[in-house]
1. Select from the range B:340-364 the residues that are more than 9 Å from chain A (Cβ to nearest Cβ) and in a loop (DSSP other than H, G, I, E, B) and list them in ascending order.
2. Checking the structure you have, find out if any residue of the range C:224-242 is away from chain B (no Cβ under 11 Å), hydroxyl-bearing (Ser, Thr, Tyr), crowded, with 24+ Cβ neighbours inside 10 Å and within 30 Å of A:Gln72 (Cβ to Cβ).
3. Can you name every residue in the range C:78-136 that is within 7 Å of chain B (Cβ to nearest Cβ) and among the small types (Gly, Ala, Ser)?
4. Out of the residues in the range A:96-120 that are surrounded by fewer than 17 Cβ atoms within 10 Å (Cβ to Cβ) and in contact (Cβ under 8 Å) with a residue 40 or more places away in the chain, which is farthest from A:Lys76 (Cα to Cα)?
5. Does A:Glu147 count as acidic (Asp, Glu), under 20 Å from the mean Cα position of the chain (by Cα), assigned by TED's automatic domain parsing to the domain that holds A:Thr116 and farther than 24 Å from B:Thr350 by Cβ?
6. Search the range A:122-162 for residues being within 22 Å of B:Glu68 (Cβ to Cβ) and surrounded by fewer than 18 Cβ atoms within 10 Å (Cβ to Cβ), and hand back the single one that is nearest to the other protein chains (Cβ to nearest Cβ).
7. In the range A:207-229, is there at least one residue being within 30 Å of B:Ala337 (Cα to Cα) and out of contact with any helix residue (DSSP H, G or I) (no Cβ under 9 Å at 6 or more places or on another chain)?
8. Are any of the residues in the range A:59-68 more than 9 Å from chain B (Cβ to nearest Cβ), touching a Lys or Arg at 6+ places or on another chain (Cβ under 9 Å), assigned to a loop (DSSP other than H, G, I, E, B) and crowded, with 24+ Cβ neighbours inside 10 Å?
Amino acid sequence: MKKTILTAIILTTIALGAQAQRIKGSDTMLPLSQKEAEEFMNVNPSQTVTVTGGGSGVGISALLEGTTDLAQLSRKIKFDEKQKFQSNGKSVKEVIAAYDALAIVTHPSNKVKNLTREQLEDIFTGKIKNWKEVGGDDLAIVPYARETSSGTYEFFKESVLKNKNYMTGIMSMPATGAIIQSISQTKGAIGYVGLAYLNQNVKAIHVSYDQGKTFVEPSVANAKNETYPIVRPLYYYYESASENKVKLFIDFVLSTKGQQIVSEIGFISVR
Amino acid sequence: MKKLRKITEQIVKLLLTVNGGVTSLAILLIIVFLFKEGLGLFKNPSVEKGYVLCVNSANNVERLSSYEIKQIFDWKTTDWNEIGGNAGTIAPFRFEEIFSLYSDEELGEDYSLLPEKLGEVIAKDINIIAYIPQEFFPQNNNAVKILTSENIRFSDFFGGTEWLPTTTPSPQFGVFPLILGTLWISLFAILIALPLGVGVAVYLSELASERVRKILKPAIELLAGIPSVVYGFFGLVVLVPLVQRTFNLPVGETAFTGSLILAIMALPTIITIAEDAMRNTPRAMREASLALGATHWQTIYKVIIPYSSSGIMAAIVLGIGRAIGETMAVLMVTGNAAVIPSSLFQPIRTIPATIAAELGEAPVGGAHYQSLFLLGSILFIITMIISISAEFISRRRQSKGI
Amino acid sequence: MHKRIKQKIVFIVLRLLGILIVGILLWILGFIVYNGAEVINWTFLTTAPTEGMTAGGIFPAIVGTFCLITGSVVFAFPIGVLSAIYMNEYAGNTWIAKFIRIMTNNLGSIPSIVFGLFGMALFVNTLGFGDSIIAGSCTLGLLVLPVIIRTTEEALKSIPDTYRTGSLALGATKLQTIWRVILPMAFPNIITGLILSIGRVSGETAPILFTVAAYFLPKLPDSIFDQVMALPYHLYVIATSGTDIEASRPIAYGTALVLIIVVLLINLLATFLRKYFAKKVKMN
């Protein structure tokens, strides 16, 4: 009797598992996947989508272990991660779901409007410590970063810091929302957030990647026409073998409706 | 029939015995899993697994410490002569850069020509230090040599001052700031909570009328019952801005904010245990003191508090234990900056907050994952010491009992 | 005269401290009730989050927390009660009992985040449950096991030995004595301990972070191998992430209030039961 029940439980799990999809990975993409999942389930009531965060690295290793069906990454799959799939006889497929621009934000009262990449590098590596060194008030700079293994942390490190390490003892926040919250309360603060997170409580800095010749405002338009430099694609990865299982969802994300959601959230659509 | 009953008795007894061992088993398992994973960290090479650091064979540097590697790839150490080599500006080379030097076609099918090309790059530059995957190491190129790689050392872990667990090529697992941060914040929490807690305990056991007790006791129980994440939320929304404004600080997420929250959370523990100890003061001692003409306060101060001192000690120790292990509230209000604390009004990072923030993001089985288990082991040891000393203190009290 | 004045001052200070404690409690509760009260309504309690967690309700989180409570109780209650019976009725004051008691105390003093680590290593990875209700429940169950054992043992201890000897003298076996005499008498206090541990389970966040909690999962769980949302984790998530912190603040207040109400009710229930049964026993 007990055995039958146990088998029944296991069988139902497997049967239900067939139409349940698990998405795991980048915290940056959580709001996007959450909204997409919400709408997707409205259209396809028989489908279940679970969304969990954890960071891009976790998403991809969960995909490798088979504990997720889709990995959401705010960076490209790393070379060695790809190798791991290959050595396990698996292959992954990649879909770009949206683009995200990283905005550099400060407290609204901050006078500084423009910063070059080099200045940003010096600020986040701890060389520049006071706003007056970059044309602002005499006020200590308080840089905020994300937690160490988020894709955002790595992307910023690669793109802006040119792979150098952040200063030791940088404030690190468990989630982007917390960064916004803290920066809006802290006069000398500077941090980076996805474009989607911008609101009136923080001020977005215009950034130059050409030693100060042109400063570009972070906006969807500027990211689309590629004048804003700090832009990255957001990816879904899945195992080629399980394509059938996730295809419906992926198609939905790439559909007009799905991409409309992308824009609503504040990311940049792929079209 | 009787025999059957006897057998049942025996079976039940056995079952109960087994059950009695569950907590011990749980602790044993916790120790095994924590330490097995945690100590695995020291079997990891200090350079990321699966990768090697290569230099030109003409370079006379043979090995580099984990910290030196980090400094090189941060462009902070810039000349080979700073680390025992011949003078020459260090040229750090990351593997991905190869893709901007050569097209995919040049690297051949399945990257079969990749090792060869890497070899060329390294052979060309005498000052290069290249960080490449082991499988693409150019085997047959004599101009390339691998730097001897060491395992992560105990001293790197406990003595290191930088916590950068995801840095490549050489992650930094300096746990020292985290340990200090945890102790620092708990110490101040207790300094705040102790006078408050003992004061309230005195009030409850000596002064409060039955009616007041009926209000205060449940209030304290409720305070103990509020989930830590609610404390964290309250701290984040109310205390952080408040602390920032009151002390005119650049940031509100400070060790002090954390200590305040922890103090509130440790209060119920301290009050309850201290009050218990005071109530246990024998009536005779109390009355003798009063009869000798001492005031009520003098009796409290000179008789009751000294008598219950070991109970108060136990309360302090358990309060510290509560504070050290607290996770969510601290994670939300302290700013989580891994620095060695030098003041109360700066951000700080504790061990539990580090685990909570990073475990979800650390790939299972990797060095980062193991380092977090080692942090857990440290936390476990600290709380064990605390719990055992509390036990010891209260045992002493019992044997001293008059 | 001088020492009288001194005493008066000290006592006033002590009284103020007592008021301060109540003040702190009222401050925290008041803040959350004030901000959360207007959010809570039927829809909030019975619908899933929508609009990127800035609207809708917290129904899945409530159900999830309920699942975790049930799961951990199913796991911890029998084990806890049986261990307590063993310690109090069989092991007595032997070194085994002392050892177990120390171990139980130690288990109780381990920080919840360490349980999270352990749960992830054992239940999620080694036993292969994955992030699931069962993994989360076992982790939480271990966490509250000491609470259950301690309260049960207290309950058993408070029963005078005369009942035991009386029952044995009438020819009952030890097992019959425990089952028919001791347990029924200790029952109310055991239940109180159970309720307290439920309060603890419903508020813990750190142990479920890596063993069960999902960021977003509007469908209710079908099996014990599913992930669930849970109230405390949900509060953490909407307090720190989401694209629009301002817009999701009300939801956070509402969730905090629901969480506090749950814990409060559980505590009140425990207190009430304790008093109710105490009276009943006295009347008998």
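The values are calculated or read from the model by the stated rules, or taken from the named source; none is laboratory data. These figures come from a predicted structure and were not determined experimentally. A quick note on method: Cβ atoms are made from the backbone with ideal geometry, for glycine too, and the neighbour counts reach across all protein chains shown.
1. B:Pro341, B:Ser342, B:Ser343, B:Leu344, B:Phe345, B:Thr350
2. Step one: of the range C:224-242, the residues away from chain B (no Cβ under 11 Å) are C:224-229, C:241-242.
Still in the running and hydroxyl-bearing (Ser, Thr, Tyr): C:241.
Those still in the list that are crowded, with 24+ Cβ neighbours inside 10 Å too: C:241.
Still in the list and also within 30 Å of A:Gln72 (Cβ to Cβ): C:241.
Within the range C:224-242, one or more residues are away from chain B (no Cβ under 11 Å), hydroxyl-bearing (Ser, Thr, Tyr), crowded, with 24+ Cβ neighbours inside 10 Å and within 30 Å of A:Gln72 (Cβ to Cβ).
3. C:Ser83, C:Ala91, C:Ser109, C:Ser112, C:Ala121
4. Within the range A:96-120, the first condition is being surrounded by fewer than 17 Cβ atoms within 10 Å (Cβ to Cβ), and the residues that meet it are A:96, A:108-109, A:111, A:113-114, A:118.
With in contact (Cβ under 8 Å) with a residue 40 or more places away in the chain added as a condition, the list becomes A:96, A:108-109, A:113-114, A:118.
On the way: A:Ile96: 10, A:Pro108: 33, A:Ser109: 36, A:Lys113: 31, A:Asn114: 29, A:Glu118: 24 Å.
That would be A:Ser109.
5. Details: acidic (Asp, Glu): yes; under 20 Å from the mean Cα position of the chain (by Cα): yes; assigned by TED's automatic domain parsing to the domain that holds A:Thr116: yes; farther than 24 Å from B:Thr350 by Cβ: no.
Taking the combined requirement at face value, the residue does not satisfy it.
6. Per the criteria, the residue is A:Lys162.
7. The answer is yes; a qualifying residue exists.
8. yes
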